[in-house]
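**Q** This is the structure, below, for whatever I ask next.
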Amino acid sequence: MYNGLSLDQAPPISVVMRFFLTVPVFGILLCCALFVDPYAVITPAHPLSLAAIHLMFLGVITMAMIGALFQMQSVLGGRPIPAAMGNALLIHTFLTIGILSLAGAFAFNAAVLFIVASVFLGSSILYSANLILPLLFGGITHETLRGMRLALIALSFTAVLGIVMATSYANGAFSSVHESLRFSHYSLGLIGWIAALIIAVAFQVIEMFYVTPPYSLWCKRNAFRIIAASLVLKMIWLFSSLPFVWVFDLVIGALLIGFIVSTLKRLKIRKRRVSDVSIWFWISGMVLFFVSISLYAAFMWSGSEVLQRVSLMAFALFSLAIILGMMGKIVPFLVWFHLNSAGYMDAPIMSNIIPANRVKALFWLFILTAIAALLGAFFPDLLSLSTLTGGAMFTLLLFNHAKALTLYRYTLRHGTRFEQV
């Protein structure tokens, strides 16, 4: 199953787990913000809405994805990240401070916090890219690594545009290109960073974990080229005020729908027929991704802000579904792998590290949250309900990760190693 992976290059478990443990904390904070004023959160451009958006896309999604990158780059690229523990601590600390500062800046309209957020978020993201990107060139190369390159480059430009926009918010003065900056910021972050990285992960994970037919060679070779070219041209069109910008959204949308259909088809005809909750997350994620793209197309045609808002919510939920599914695989594997590598003969099997009943409970809490959140755009009282189910979901996620780490540490202290027998 793990052919082609350099497992001996994996970083210490604490490197990844510090990010994964922080994800549910930001998720709980997001649910609290939504519960306080759900009407404000679904109001476009409202400060609390902007705070919630960044808590979700930075505190939950980006926090998880950077943590996963520390693991994926090492085992897929075969080149370990230098001083992984120290660098992870620095990036995690700066990222956490930056996210909290940015959310606070929007929520309380505090100019100084925009500056603090720019410094810490910009430093953490650009330093992450500078640390990982060089390791993705010059060694092993395949489609997943190419996707990771695009994602990190897009994240870097997203951060730069975010810094420029944060400066405008701090000064209370917006330039004539503010809307172009905003649309470019969203496009690079949502498509270039999140969607591209998830596609890259799918090319590796879907085939390997679920034993499916491979994605088409044309798709693997051209997906990231099309995304990169479309995003670059879209930004040129935006800043030059040229017509027909929607053409680039159409190209990206068609590619993404092709990816969704291809992924669902492979999951349906997979050879490994064992029941696996992570597959449920992948299927749910693909359905939500399709809903997001369809609603965005309807928004482009109608101009309805409600459709735009629901499209963004569906995209966030799609990203969360994939992240929850992947963390449910990664965390047990990390505990099992590091204990086995250290020679502990009584290392728990992966299915016992996070029991199936808790993983299933997490999935159904996610489904309830997704339904309530999407309908909440039309019926705000349901959005309040989604904060309760979402809070329970993130609390269970935190419990699962904490228990897995506790089991790992207990085995380290009390387990029996082979040389002791």
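The values are calculated or read from the model by the stated rules, or taken from the named source; none is laboratory data. Since the model is a prediction, treat every value here as computed from it, not as a measurement. Cβ coordinates were reconstructed from backbone atoms using ideal geometry, including for glycine residues, and neighbour counts include every protein chain displayed. Remember, those area values only see protein heavy atoms, side chains included, never the ligands or the DNA or RNA. Shrake-Rupley method; radii C 1.70, N 1.55, O 1.52, S 1.80 Å.
**Q** If you build a Gaussian network model of the chain, linking Cα atoms that sit under 10 Å apart, which residue out of VAL160, VAL245, VAL291 swings the most?
**A** VAL245
**Q** Let me ask you something else. What percent does the relative contact order of the chain come to when contacts are Cα pairs within less than 8 Å and at least six residues apart?
**A** 17
**Q** Name the most mobile residue of GLY86, GLY391, GLY67, meaning the one with the largest mean-square fluctuation, in a Gaussian network model of the chain with Cα contacts below 10 Å.
**A** Between GLY86, GLY391, GLY67, it is GLY86 that shows the largest mean-square fluctuation.
**Q** Express in nm, to one decimal, how much length is gained between VAL232 and THR416 on full extension, taking 0.36 nm for each residue of separation and deducting their alpha carbon distance.
**A** 60.7 nm
**Q** Residues of segment 231-304: accessible area per residue at 1.4 Å, in Å²?
**A** Result: 54 Å² per residue.
**Q** Taking only Cα atoms, what is the 0 to 90° angle, nearest 10, from helix 178-187's long axis to the longest principal axis of the chain?
**A** 30
**Q** Let me ask something additional. Residue by residue through segment 391-398, which ³J(HN,Hα) values in whole Hz follow from phi under the Karplus form 6.51 cos²θ - 1.76 cosθ + 1.60 (θ = phi - 60°), with glycine and proline marked x?
**A** Per residue, the Karplus-derived 3J(HN,Hα) values read x, 5, 4, 5, 5, 5, 4, 4 Hz.
**Q** Could I ask something else about it? Quick check: at a probe of 1.4 Å, how many percent of the accessible area of segment 14-95 sits on carbon and sulfur atoms?
**A** That fraction is 80 percent.
**Q** Still on this structure: Return the carbon/sulfur percentage of the accessible area of segment 369-421, one whole number, probe 1.4 Å, all protein chains in place.
**A** So the carbon and sulfur contribution to the accessible surface is 67 percent.
**Q** Round to the nearest 10 and give me the degree value, 0 to 90, for the angle of helix 111-132's Cα axis relative to the longest principal axis of the chain.
**A** Taking Cα atoms only, the helix is inclined about 50 degrees.
**Q** Kindly provide the chymotrypsin sites (Phe, Trp or Tyr not before Pro) of segment 320-421 that DSSP labels as loop, not H, G, I, E or B, and whose Cβ sees at most 14 other Cβ atoms within 10 Å.
**A** PHE378
**Q** Could I ask something else about it? To the nearest 0.05, how large is the calculated FRET efficiency for TYR186 and MET345 if R₀ is 60 Å and r is the Cβ-Cβ distance?
**A** 0.75
**Q** A follow-up question, please. To the nearest 0.05, what FRET efficiency results for LEU250 and ASN357 with a Förster distance of 56 Å applied to their C-beta separation?
**A** Step by step, r from the Cβ atoms, then E = 0.80.
**Q** Then there's this: Length gain on complete extension for the stretch ILE257 to LYS271, per 0.36 nm per residue less the alpha carbon to alpha carbon distance?
**A** This chain segment gains 2.7 nm when fully extended.
**Q** Roughly how far apart, in whole Å, are the Cα centres of segment 230-306 and segment 162-187?
**A** The two parts, judged by their Cα centres, are 25 Å apart.
**Q** Next up: Can you tell which of LEU334, LEU233, LEU405 shows the greatest fluctuation in a Gaussian network model of the chain with Cα springs below 10 Å?
**A** Among LEU334, LEU233, LEU405, the largest GNM mean-square fluctuation belongs to LEU233.
**Q** Averaged per residue, what accessible area in Å² does segment 68-147 show with a 1.4 Å probe, protein chains only?
**A** 39
**Q** Tell me the angle of helix 143-171 to the major Cα principal axis of the chain, expressed in degrees between 0 and 90 and rounded to the nearest ten.
**A** With rounding to tens, the tilt is 50 degrees.
**Q** A further question on this structure: Take the chain, mark every one of the trypsin sites (Lys or Arg not before Pro) that falls in a DSSP loop and has at most 15 other Cβ within 10 Å, then report the longest stretch left between them, sites excluded.
**A** Segment 1-270 is the longest.
**Q** How far is it, in nm, from the label point at VAL306 to the one at ALA110 when both lie 7 Å from their Cα along the line to the Cβ?
**A** Using points 7 Å along Cα→Cβ, the separation is 3.6 nm.
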